[in-house]
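The next block holds one structure in the form of structure tokens; read it before the comments.
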Amino acid sequence: MLKKRIIPCLDIKDGRTVKGVNFEGLRDAGDPVELAKKYVEEGADELVFLDITATLEKRKTLAEMVEKIASAINIPFTVGGGINSVEDASAVIKAGADKVSVNSSAVKNPQLIADLASQFGSQCVVVAVDTRNINGTQKVFVSGGKIETEWETLAWVKKVEELGAGEILLTSMDGDGTKAGFKIDITKAVADAVNIPVIASGGAGKMEDFTEVFTQTKASGGLAASIFHFGEIPIPTLKNYLQEQNIPIRYENRF
């Protein structure tokens, strides 16, 4: 069985790590480079960096920040925010990203997914999907969760797989920052609908939430932010706990 991944997420705004609830009310969570170093030392499996205002502010992802983080870590590193073209993706990969994440730009121009997969390989292409329950239907949102699209979430994830995406980062906006647990229903539905890895995001608040998402869905990774940033659940403690629950994880005896 594939080992499950524990993935901290650095949401970046104005060069600082931030975290909110339901995509609102952002508060400072520290220096991204220092946090990245800490997570490597603690045994994180991968790292995700999202420049959360790049799309809204029509900026490119901060390549300089990507370079600083990439030079400080030795684990797979996904970068997203404001990547609208193969050229944008190339710039962050040259700066040290292992994978690129696209969201709003992919909804606006689905061909971008195919172009990125053709240029860099599917393994480099992560499609971030922000989903919210609207009157009983899961819908895809873009622009940092501000704009509802016409896409139903399950139809969109099938489409992005078809276009060549190698991975889906699924964030439940209803769960984001609430610490009430991952949204199991939509995570399970998405992971069952595609044959590519799905990272669950949005709602992690306690260690049991990771056990639940890994045993009740096919999610291959669990992503979280505030519980790691603010030291509520240290990654070594989480990994020890998951091993005790017989969850297959990448585990090194350095804790």
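When PHE228, PHE210 are screened for being among the aromatic types (Phe, Trp, Tyr), modelled with pLDDT under 95 and assigned to a helix (DSSP H, G or I), only PHE228 passes.
Within the range 109-156, restricting attention to residues that are within 18 Å of ALA191 (Cβ to Cβ) and of a type in the set (Gly, Ala, Ser), the residue that is surrounded by the fewest Cβ atoms within 10 Å (Cβ to Cβ) is ALA155.
Looking at THR237, is it open to solvent by 30 Å² or more (accessible area, probe 1.4 Å), among the β-branched types (Val, Ile, Thr) and more than 16 Å from the chain's Cα centre (by Cα)? Here the answer is yes, as THR237 does meet what is asked. When LYS218 is tested against the conditions (1) open to solvent by 30 Å² or more (accessible area, probe 1.4 Å); (2) not in a loop (DSSP other than H, G, I, E, B), the lone failure is (2). For the range 53-86, the set of residues classified as open to solvent by 30 Å² or more (accessible area, probe 1.4 Å), at pLDDT below 85, over 15 Å from ASP31 (Cα atoms) and not basic (Lys, Arg) consists of THR55, LEU56, GLU57, ALA63, listed by residue number. Could you check, for the range 236-252, whether at least one of its residues is under 30 Å from GLY164 (Cα atoms) and among the acidic types (Asp, Glu)? No, the range 236-252 contains no residue that is under 30 Å from GLY164 (Cα atoms) and among the acidic types (Asp, Glu). I need the full set of residues from the range 87-108 which are open to solvent by less than 40 Å² (accessible area, probe 1.4 Å) and assigned to a helix (DSSP H, G or I), in order please. Answer for the range 87-108, where residues must be open to solvent by less than 40 Å² (accessible area, probe 1.4 Å) and assigned to a helix (DSSP H, G or I): ASP88, ALA89, SER90, VAL92, SER104, SER105, ALA106, VAL107.
A count restricted to the range 173-195 and to residues that are in contact with a Gly (Cβ under 6 Å, 6 or more places away or on another chain) and open to solvent by 30 Å² or more (accessible area, probe 1.4 Å) stands at 4. Contact map, the range 181-194: residues that are free of Cβ contacts under 8 Å to residues at least 40 places away in the same chain paired with residues that are in a helix (DSSP H, G or I) and open to solvent by 30 Å² or more (accessible area, probe 1.4 Å), Cβ distance under 7 Å, separation 6+ or inter-chain. Pairs shown: GLY181/GLU212; ILE184/GLU212; ILE184/GLN216; LYS188/GLN216; ALA193/LEU154; ALA193/LYS158; VAL194/LYS158; VAL194/GLU161. LEU170 satisfies every condition listed in (1) open to solvent by 10 Å² or more (accessible area, probe 1.4 Å); (2) within 15 Å of ASN103 (Cα to Cα); (3) not basic (Lys, Arg) except (1). Of the numbered criteria (1) within 16 Å of ALA128 (Cβ to Cβ); (2) open to solvent by less than 10 Å² (accessible area, probe 1.4 Å); (3) not in a loop (DSSP other than H, G, I, E, B), the one LYS159 fails is (2).
The values are calculated or read from the model by the stated rules, or taken from the named source; none is laboratory data. Bear in mind that the values here come from a model prediction, so they are computed numbers and not experimental data. When we count neighbours, we look across all protein chains shown, and the Cβ atoms used for this are built from the backbone with ideal geometry, even at glycine. SASA here: full protein model, heavy atoms, side chains in, ligands and nucleic acids out. Shrake-Rupley method; radii C 1.70, N 1.55, O 1.52, S 1.80 Å.
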